[in-house]
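Only one structure is covered here, and it is reproduced in the block below.
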Ligand code: NAD
Ligand code: MG
């Protein structure tokens, strides 16, 4: 039986890689819906190639443009728009698998809609788990959704854990080793960081990704968000997770067991591996990724992360420990600061500065519902915008 797939964020880096894997397996998957924010032309091309039942543009004007492009090419894909359209194609009864690959907080509601509908959800949108981890994971339990991590580190950890994993400790797991490359500025003199440009920040040494996550990798906020993500996904306390800088990105993360064994998942840094793994799980399918060449991979280096160089990492770990609304606030402030940096309205080192100030100025509480998360997110954004103006 073919599986019906919705790809949220189809035109992005993860979306394109997902469709690359899917196109290799026409007998296994059929595309039910594709979505994007504003890129009507890119989505139109994908529609002509994959012939989904629905295409959704978040932006209304882009939806009109897409509809006329598709009409002109005789494509029968129906066009929807707005958040309501995204939610509709995430929870539709016909959908078996939801790839959640929108970037940032905009991914929260459509992803959660798929979770609440009990879908097999492939989670790339780490921000939704950082924002609302408690609500998200209880929705997974209530609906019986299957949640599979796409983030390469979390996918690696998932692969290294026992099949019947029930939390760190319970399965003889001693700790989780979350690896990260350290990004493009691992060795840049700290004094030079204030002047780095968006293009320099987006030039990741090992991975090709969207601009927001590329900046997050350069500040190591990405590892910080992944730290929070790992706590939720693997029911681990912050003390049970250690961040290890591994510049080659050959090991994608590791799990250490109580007997001292360490299992690592390795491979070329290509997101098609975790995508293919999660799509076919528990089976294995071809992803298009080349074999890892051990003869040219002559060394694997490891080092501790520097909190002086990457203050965002310290802030993220503190937010994970504090719990409650703090990770959502951290995420909101980061999104505003990254957007300002990419738009030339903030410096690179202003990013952790803004996050720290917003966290300091926010009172802790435990969000009881999505409305509370959204309100705190909006307040943190407002605060971040005004702080940036005062810098
Ligand atoms: P990207 O910027 O390349 O693509 C983002 C996609 O989301 C696009 O299709 C865009 O149209 C859509 N989008 C953007 N804003 C939107 C909005 N407001 N409403 C609806 N749709 C919107 O991003 P990416 O690099 O593919 O990352 C996507 C997610 O996957 C992020 O959460 C990121 O952290 C995560 N992730 C990415 C990688 C990677 O290698 N790129 C690895 C691990 C995790
Ligand atoms: Mg990652």
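Only the coordinates and a few stated rules stand behind these numbers; no lab work does. In this text, all values refer to a predicted model and were calculated from it rather than measured experimentally. Virtual Cβ from ideal backbone geometry, glycine too; neighbours counted across all protein chains shown.
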Original post:
Taking the simple approach of a point 7 Å from Cα along Cα-to-Cβ for both residue 266 and residue 59, what is their distance in nm?
Top reply: 4.4 nm
**OP:** Compute the distribution of all C-alpha to C-alpha distances in segment 89-213, in bins of 5 Å from 0, and list the percent of pairs in each, rounded to whole numbers.
**Re:** 2, 9, 16, 17, 17, 14, 11, 7, 4, 2, 0
**OP:** Taking 7 Å along the Cα-to-C-beta vector as the label spot, tell me the residue 203-residue 321 distance in nanometres, rounded to one decimal.
**Re:** 3.6 nm
**OP:** Pairs of Cα atoms under 8 Å, at least six residues apart: use those to get the relative contact order of segment 1-63, whole percent.
**Re:** 34 percent
Subject >> Computed E for residue 365/residue 24 - FRET, C-beta separation, R0 56 angstrom, nearest 0.05 >> reply: 0.75
**OP:** Report relative contact order for the chain in percent, whole number only (criteria: Cα-Cα under 8 Å, sequence separation at least 6).
**Re:** 14 percent
Subject >> Calculated FRET value between residue 1 and residue 170, using beta carbons and R₀ = 56 Å, to 0.05 >> reply: 0.95
**OP:** With label points built 7 Å along Cα→Cβ from the Cα atoms of residue 382 and residue 244, find their separation and express it in nm.
**Re:** 4.5 nm
Original post:
Efficiency by 1/(1 + (r/R0)^6): what FRET value for residue 73 and residue 283, r their Cβ-Cβ distance, R0 = 25 Å, to the nearest 0.05?
Top reply: 0.10
Subject >> Peptide ranges 52-64, 299-311 listed from the most packed, as the mean C-beta count within 10 angstrom indicates >> reply: 52-64, 299-311
